[in-house]
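Below you'll find the structure, written out as structure tokens, and then a few comments.
Every number here is computed from the coordinates shown, using simple stated rules; none is lab data. It should be emphasised that the depicted structure is a prediction, and the values quoted were computed from it without experimental measurement. Methodologically, a virtual Cβ is constructed for each residue, glycine included, from the backbone with ideal geometry; neighbour enumeration extends over all protein chains shown.
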Amino acid sequence: MKKIYVVTYANASSGGNESLHQLCSKLNNLNLDAYIYYLNNPKAAIPYKFKSYNIKSTHNIDDSEENILIVPEISTSFLYKFNKIKKCIWWLSLDFYLRTLPKFTFKNFVNDHNIPRLLYPLAYLYLKCTGELNKQCFEFREDKNHIFHFYNCEYAKQYLINHGVKEENTLYLCGPINSEFFNQTIDLSKKENIILYNPKKGIEFTKKIIQKLKDNEINAQIIALENMNYHQLMMFYSKAKIYIDFGFFPGPERIPREAVTMYCNIITSTTGSAKNNSDVPIPYEFKIDAKDDNLDRIVLKIKNMLVNYNDDIPRFEQYRKKVIDQRRLFDEHIEKYFIG
């Protein structure tokens, strides 16, 4: 029986990590032989958050032609450790992939660590000694169509097609949000003037929005979605009228999808997957460039959204439907590829 290995990282809290665990669980539910492999710690225990999933872990990978290896786009260098196994990349966060390319490694390293120019030679030497500057990773060369590509948004798909990947060598696969979000009954009459935001994304610009809202004495409570369990998230989603997200959108992003499912109206930036109407299908007036010149416009829009909350709800129905459909398509496309 063929084995399917799903590669991820132990103790990572991203939406992409949850998608990889969902995939492994779904494969096992189909009576396939699937395993999680934790790249940073192969012997790590399955995190508590995913204990309810049908998951097995392994610290060995059998490099056999009948087996399948699936890696996220940030770990493509791992593919080149194997010769026989069938290889797949799941494109979960395109922008993070771009940061992993060796040609950007030095620039990202010195910027991320605020290294002064005087120490650039030492930083370069460090990266060279650790092998980061010459590691092999997927770069759309002759093997681009020998590897199968799953993508979770139109933004990623177009990047693949534009770089020579054949469409028949791709498949849409988007990890759905947690099923708990679909089992909630939202009482719209109990919605309050609450604005939610993700402090891990676009925080510098979001701080400017928050300050501008305060300067304009907008009557609303502004809450950061952090350090919360599912119960706490549900409570704030069910009360809030608005979710704002002016960070970058490297993929479909879980929090906006959770928020819109819980009848929060949305306003976003125009970066990444948020720019197109397929991945984030909301009226374009609710998408505004994250520029200082637009702060007054954003604040006015939020003010109007608080006042017109009930009238705006139908305008986000297409997005809600897309999020709901992702559950069905996730199951259907897994069966299509792995069972036929």
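Comparing Ala290, Ala45, Ala240 in a Gaussian network model of the chain where C-alpha atoms under 10 Å apart are linked, the largest mean-square fluctuation is found at Ala45. Here is the size of segment 179-324 from its Cα atoms: Rg then Dmax, 13.9, 41 Å. Compared with the dominant Cα axis of the chain, that is its longest principal axis, helix 120-129 is turned about 50°.
Among the listed pairs Lys3/Lys87; Lys3/Lys56; Lys49/Lys135; Lys291/Lys321; Lys87/Lys144, which are separated by more than 21 Å between their Cα atoms? The answer is Lys49/Lys135; Lys291/Lys321. Based on every Cα atom in segment 161-217, Rg and the maximum pairwise Cα distance Dmax equal 19.8, 54 Å. The label-point distance for Lys2 and Asn294, in a model that sets each label 7 Å from Cα toward Cβ, rounds to 4.4 nm.
Give the shape of segment 248-330 as rounded, prolate or oblate, defined through the alpha-carbon gyration tensor: a ≥ b ≥ c are the square roots of its eigenvalues, a/c under 1.5 means rounded, and otherwise the shape is prolate if a/b is larger than b/c and oblate if not. The shape class here is oblate. Highest GNM mean-square fluctuation among Ile218, Ile115, Ile46, for the chain modelled with Cα contacts below 10 Å: Ile115. Once both labels are positioned 7 Å from their Cα atoms along Cα-to-Cβ, the gap between Lys336 and Asp215 label points is 4.9 nm.
Ordered by the number of other Cβ atoms lying within 10 Å of each residue's own Cβ, fewest first, Leu101, Leu118, Leu213 fall into the sequence Leu118, Leu101, Leu213.
Which value does Rg/Rh take for segment 22-71 over its C-alpha atoms, Rh per Kirkwood?
Numbers: Rg = 11.1 Å, Rh = 11.6 Å.
With Rg and the Kirkwood Rh in hand, the quotient comes to 0.95.
The orientation-averaged projected area of the convex hull spanned by the Cα atoms of the chain comes to 18.9 nm².
Between 0 and 90 degrees, the angle of helix 102-112 with respect to the longest Cα principal axis of the chain falls at about 40 degrees. Neighbours of Tyr53 by Cβ distance under 11 Å: Lys/Arg scored +1, Asp/Glu scored -1, total +3.
Estimated from helices alone, the mean residue ellipticity of the chain at 222 nm is -11000 deg cm²/dmol (sum of -39500 (n - 2.57) over DSSP H runs with n ≥ 4, per residue). With a/c under 1.5 counting as rounded, go ahead and sort segment 78-216 into rounded, prolate or oblate using the C-alpha gyration tensor (a ≥ b ≥ c being the square roots of the eigenvalues; past the cut-off, prolate if a/b is larger than b/c, else oblate). It comes out oblate by the Cα gyration axes.
Between segment 263-279 and segment 89-130, the alpha-carbon centres lie 28 Å apart. Each label was represented as a point 7 Å from its Cα along the Cα-to-Cβ direction; for Glu192 and Gln232 these points are 1.6 nm apart.
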